[in-house]
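These notes are about the structure you will find just below.
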Amino acid sequence: MKAIGQQLKQIWGSGIHPTPHQNIRYLSTKEPVKFRHLSPEARAERIFNDTGINVQCAPTLPKLNKLTEHVVAPFSSMGLSVIRGARIGGVMYENIPAATEEPSVIAAIEKAKNECNKNGGVQVTADPTGTITGQVPFMMHEQIDLNAIKQLATLGVENAQKLPKMARLKERGGGFLGEPRIVQLSERMGVIEMDMDAQDAMGANLINLAMETVASILREHGEDPLMAILTNDASKRVSRARVELDTNSIPGGLEQARRIVQCSEFARISEQRAVTANKGADNGIMAVALATGQDTRAISAALHFFARNLGHDGHYGPICQWKINDQNQLVGELQVPTPVGVVGRLPNTNPTIQNNLALLGRPSAKTLGEIMAAVGLYSAYAAISALSGEGIIRGHMKLHNQAEAKSRSHTDS
């Protein structure tokens, strides 16, 4: 990296950033040395030479101190990896940033990605709006008029639209969707619900601000709202990934494909298996989420709420399911809520997050959600292929033991 050290300082010191077209590239030539055989420094140098992006740029301690409280030191329990050459939605992403502490996750994703690429890649779609929902619960009483509550909620929404942040969101094509909904939850409690299109923001702060404005209107008119808060149910903000694999091209052929389908059915029937299968998909989803500065807890909460009725007889089920179609193709479909953002505090202040989003061509929130769904599908396929074949221990523990051996060698030296 010494050879490019001065170049990096000049580029990032000047404030020049590569364009998206420089960062999404088709792999037109075979790499002379396989990426996995390079040292971390050599991998970073190759990415820099390809894209002009310094993936080893990290935030300073003073910057980290502004992001949260009581900061004492930088913290990282994992490395930043990249998934190389993934064909998603007709685009070849040369470097997808991913961060995980678990050995074998990236290697398994790479193997699954290669099989998907051979079959045309992963197709992706997503819900058209970045919908986030807010709630204002209130207590029922004898004199309450729910029609009057809706009028107050509508007035609160109108006031919220005048706020500077909401006005800017509207200029970007976002804002409130539809009218406030009044739901009587029980004899004692009701709730006001309102949807918002947050566009390229995750939207938590925006919807909370708006719902607090609604709550203040209720208080001014003698009602007693309990709180004003978003819901992490992101079921209206779903990304989907689909792959069709020629059973002649996958290890084990049609017989292995049938076993994968049977394992998929097991997850649909067994809630205990479903939650573990979802963790397998989540390995990939969260790796990209961490690397791009997303609220991983919000994504995880949304995922498991969404999965609550995907299984047999409407119980908790898997977000990824497999079948064999009439053309003897193994078809995998994954759907996952993706309440993600590409604008805001972290993307604006953290150089690591900025660079990782640049590697993806500075995607919209919708596109980032689709990428995360595709990587989740890779991860789910890798897991179910191993489980239905040689078993998870053989591949996973081999890499786990290698990681432990490296760790011991560094400790002993």
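The values are calculated or read from the model by the stated rules, or taken from the named source; none is laboratory data. Worth saying up front: this structure is predicted, and the values here are computed from it rather than measured. All Cβ positions, even for glycine, are placed from backbone atoms using ideal geometry, and neighbour counts span all protein chains on display.
Per-structure values
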| item | result |
| --- | --- |
| Candidate set: the stretch 162-185, residues that are in contact (Cβ under 8 Å) with a residue 40 or more places away in the chain and part of a loop (DSSP other than H, G, I, E, B); chosen: the one nearest to Thr133 (Cα to Cα) | Gly174 |
| Any hit, the stretch 313-326, residues being out of contact with any Phe, Trp or Tyr (no Cβ under 8 Å at 6 or more places or on another chain), part of a helix (DSSP H, G or I) and not assigned by TED's automatic domain parsing to the domain that holds Asn205 | yes |
| Set Ala215, Ala210, Ala201: member being within 18 Å of Val340 (Cα to Cα), among the small types (Gly, Ala, Ser) and either touching a Ser or Thr at 6+ places or on another chain (Cβ under 8 Å) or outside any strand (DSSP E or B) (or both) | Ala201 |
| Output for the stretch 50-87, where each listed residue is surrounded by 11 or more Cβ atoms within 10 Å (Cβ to Cβ) and polar (S, T, N, Q) | Thr51, Asn54, Gln56, Asn65, Ser81 |
| Any hit, the stretch 166-180, residues being surrounded by 14 or more Cβ atoms within 10 Å (Cβ to Cβ) and over 25 Å from the mean Cα position of the chain (by Cα) | yes |
| Failed criterion for Asn114 (all others in (1) surrounded by 17 or more Cβ atoms within 10 Å (Cβ to Cβ); (2) modelled with pLDDT of 95 or more hold) | (1) |
| Considering residues of the stretch 126-155 that are among the β-branched types (Val, Ile, Thr) and assigned to a loop (DSSP other than H, G, I, E, B) only, the residue surrounded by the fewest Cβ atoms within 10 Å (Cβ to Cβ) | Ile144 |
